[in-house]
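Asker: Mind looking over this structure? Questions follow.
The values are calculated or read from the model by the stated rules, or taken from the named source; none is laboratory data. Given the structure is predicted, the values throughout are model-derived calculations rather than measurements. Cβ: placed from backbone, ideal geometry, glycine included. Neighbour counts: every protein chain shown.
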Amino acid sequence: MSIHIQAYKEISGHCFNSSVALVAVSKTKPVGDILALYRAGQRDFGENYVQELVEKQPQLPAEIRWHFIGHLQTNKVKYIAPFVYLIHGVDSFKLLKEINKLAQKHNRVINVLLQVHIAKEETKFGLDETELEALLHNGELSLLTHIKIKGLMGMASFSEDENLVRAEFKSLKYLFDKLKQYEISNLQPDILSMGMSGDYTLAVEEGSTMVRIGSLIFGDR
Ligand SMILES: *Cc1c(COP(=O)(O)O)cnc(C)c1O
């Protein structure tokens, strides 16, 4: 077993004291490591790849809340729709519609976060502020009664520059606060998912309500 149990206890204590939820990111790690952390009390786990999640989920306790934190392709929603607890990386209306369709099929409501692009780095993923607003103004959004938009997710630049990272988190917190002005039946913004192993203390200072931590707990990948 290679999990860092002492680091886990410190991080979960820090999160508990700040009323922040901790998602343990277990991508590429074996089910034995996940089970060990489960036995230490952890219930929220995050995975990036559909295939890996679908293989691990039936081997592990049903009490685990599975967070999908990777980039989700529309044609793969069906594999995780029966059990996923929260999908963090939604960045299109098309994907929201597909999640809604599959959630309805399984007679459930699936919680999602909209991913916002806050980093300086180039990436294909995430909405910018204009796209986020366009999505929220889409008149069809409230018709998706089998999804609940619980908030926003973002990733800061992978950088040593604390001021840059902090400014990016601030920009996401600002958009999150603005979400609360909308009155849309399936929008209930109470989760701001930001912060990873390298920057979670900054993220918590800037208003994160949920951090996603992998390598500090499970070791390097
Ligand atoms: C891998 C990953 C994490 C965890 O990264 P660490 O640096 O190992 O803590 C968090 N969020 C997302 C979206 C990831 O892909």
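Asker: In region 3-24, how many residues are surrounded by 17 or more Cβ atoms within 10 Å (Cβ to Cβ) and at pLDDT 95 or above? First the steps, then the outcome.
Answerer: Restricting attention to region 3-24, the residues satisfying the condition of being surrounded by 17 or more Cβ atoms within 10 Å (Cβ to Cβ) are 3, 8, 11-12, 15, 20-24.
Now drop any that are not at pLDDT 95 or above, which leaves 8, 11-12, 15, 20-24.
Of the residues in that region, 9 qualify.
Asker: Another question, then. Return the residue satisfying two criteria in turn: it lies in region 123-150 and is small (Gly, Ala, Ser) and loosely packed, with under 14 Cβ neighbours inside 10 Å, and of such residues it is farthest from the ligand (Cβ to nearest atom). Spell out the reasoning first.
Answerer: Going through region 123-150, the residues small (Gly, Ala, Ser) turn out to be 126, 134, 139, 142.
From what's left, loosely packed, with under 14 Cβ neighbours inside 10 Å: 134, 139, 142.
Details: Ala134: 23, Gly139: 30, Ser142: 28 Å.
In this case the residue turns out to be Gly139.
Asker: Would you check which residues across region 17-29 are assigned to a strand (DSSP E or B) and under 12 Å from Ile217 (Cα atoms) and list them?
Answerer: Kept after step one, since they are assigned to a strand (DSSP E or B), are these residues of region 17-29: 21-25.
Result: Leu22, Val23, Ala24, Val25.
Asker: Spot the failing condition for His14; the list is (1) closer than 23 Å to Leu216 by Cα; (2) assigned to a loop (DSSP other than H, G, I, E, B), and only one is missed.
Answerer: (2)
Asker: Among Lys27, Lys78, Lys97, which is the only one that is within 30 Å of Gly139 (Cα to Cα), surrounded by fewer than 20 Cβ atoms within 10 Å (Cβ to Cβ) and touching a helix residue (DSSP H, G or I) at 6+ places or on another chain (Cβ under 8 Å)?
Answerer: Numbers: Lys27 fails: within 30 Å of Gly139 (Cα to Cα); Lys97 fails: touching a helix residue (DSSP H, G or I) at 6+ places or on another chain (Cβ under 8 Å).
Checking each option against the conditions leaves just Lys78.
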